1. Would you mind telling me which numbered condition in (1) crowded, with 16+ Cβ neighbours inside 10 Å; (2) of a type outside the set (S, T, N, Q); (3) out of contact with any strand residue (DSSP E or B) (no Cβ under 9 Å at 6 or more places or on another chain) Cys94 fails?
2. Would you call Val46 in a strand (DSSP E or B) and either without any contact (Cβ under 8 Å) to a residue 40 or more places away in the chain or loosely packed, with under 15 Cβ neighbours inside 10 Å (or both)?
3. Kindly check whether there is at least one residue in region 20-30 that is surrounded by 16 or more Cβ atoms within 10 Å (Cβ to Cβ), of a type in the set (Asp, Glu) and modelled with pLDDT of 95 or more.
4. For region 49-70, which positions are polar (S, T, N, Q) and either over 18 Å from the mean Cα position of the chain (by Cα) or surrounded by fewer than 18 Cβ atoms within 10 Å (Cβ to Cβ) (or both)?
5. Go through (1) of a type in the set (Lys, Arg); (2) without any contact (Cβ under 8 Å) to a residue 24 or more places away in the chain; (3) under 17 Å from Gly214 (Cα atoms) for Lys162 and report which single condition fails.
6. Just to be sure, is Ala282 in a helix (DSSP H, G or I) and either aliphatic (A, V, I, L, M) or within 21 Å of the chain's Cα centre (by Cα) (or both)?
7. Run Ala176 past the list (1) in contact (Cβ under 8 Å) with a residue 40 or more places away in the chain; (2) within 18 Å of Tyr288 (Cα to Cα) and report the number of the one that doesn't hold.
Amino acid sequence: MKALIIGASGQIGGTLAALCVRRRIEVYGTSRKGQGFLYLDLADPVSIKDAFEKSTPDLVLLCSAMTHVDNCERDPELARKVNAAGPALVAEECRRAGSKLVYFSTEYVFDGTSGPYGEGDPVNPVSVYGRTKLEGERAALGLKGALAVRTTVVYSHNPASKNFIMQLISNHRSKAAMRVPSDQFSNPTYAADLAAAVLDLAEKDASGIYNVVGPDWLSRYDFALKACAAFGFDPAFLEPKLTAELGQAALRPLKAGLKTEKLARKLGRGLPPADDSLRKIAGIIKQYE
């Protein structure tokens, strides 16, 4: 089997690429920056077509997106090109190539008033990011057999990433205060566990919408405290703040998070708790000290 990972230079894409290699799946990765990857920009239709011609994939994992929520709010036209029109073009190329499409979606398709949410709950995004990702999700699911994976708060020990845990480690090392929302509730999700579950779903030819998140439903601040405890950090640098105090351009879903009963039925398991992955990251941190 040949897999094309769109956004292989990112946190999720890179984790998927490494797992594909371990599972002996031939893998092609794309990046907007090139640098050893196939060039692909979701805002550039020609680059999408070229990447498909060079890779002829059986499986396409669409991880790339414009994910900076506030930047999406500031530039909705670009957000729509990347997050909505781009996935529609990818879905069309998958149709032509006969490829299975896996689209990475988000909990931001919900308004965050009554989470955690199941796959069938009504969507109501409150930001440009959420609305454009929902458009991309719907475009992907217009392809027969496509799989949309909703996830959130993805983290790992990845120095090239600005994920929540890497921000926390960086702030602790530089002794800089870190303002953390105390009223945003969600499910932190370890990138390696996410990648394994997604490839397992693809191998089972799962289709439709699946929530793939960790089992812990926590505020960002409580997750930060949990990470500090695992890493042996004094949490004094953390400053709990209400989201309204942060002055962000885009609205955030506050009581969000996702339910994973459907995932557990399909795979016979859910994702491991955050304590497991935080212990692994703690071991990596100690190697650098």
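1. (3)
2. On the way: in a strand (DSSP E or B): no; either without any contact (Cβ under 8 Å) to a residue 40 or more places away in the chain or loosely packed, with under 15 Cβ neighbours inside 10 Å (or both): yes.
Taking the combined requirement at face value, the residue does not satisfy it.
3. Here is the first cut: in region 20-30, the ones surrounded by 16 or more Cβ atoms within 10 Å (Cβ to Cβ) are 20, 25, 27-30.
This time we only want the ones that are of a type in the set (Asp, Glu), so: none.
No, because not a single residue in region 20-30 is surrounded by 16 or more Cβ atoms within 10 Å (Cβ to Cβ), of a type in the set (Asp, Glu) and modelled with pLDDT of 95 or more.
4. Here is the first cut: in region 49-70, the residues polar (S, T, N, Q) are 55-56, 64, 67.
Residues satisfying the conditions are Ser55, Thr56.
5. (3)
6. Working: in a helix (DSSP H, G or I): yes; either aliphatic (A, V, I, L, M) or within 21 Å of the chain's Cα centre (by Cα) (or both): yes.
Criteria met by Ala282.
7. Result: Ala176 fails condition (2) only.
Residue-by-condition table, conditions (1) more than 17 Å from the chain's Cα centre (by Cα); (2) not in a loop (DSSP other than H, G, I, E, B):
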position: Asp216; (1), (2): no, no
position: Ala224; (1), (2): yes, yes
position: Phe233; (1), (2): yes, no
position: Ala249; (1), (2): yes, no
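The values are calculated or read from the model by the stated rules, or taken from the named source; none is laboratory data. Not measured: the values here are computed from a predicted model. All Cβ positions, even for glycine, are placed from backbone atoms using ideal geometry, and neighbour counts span all protein chains on display.
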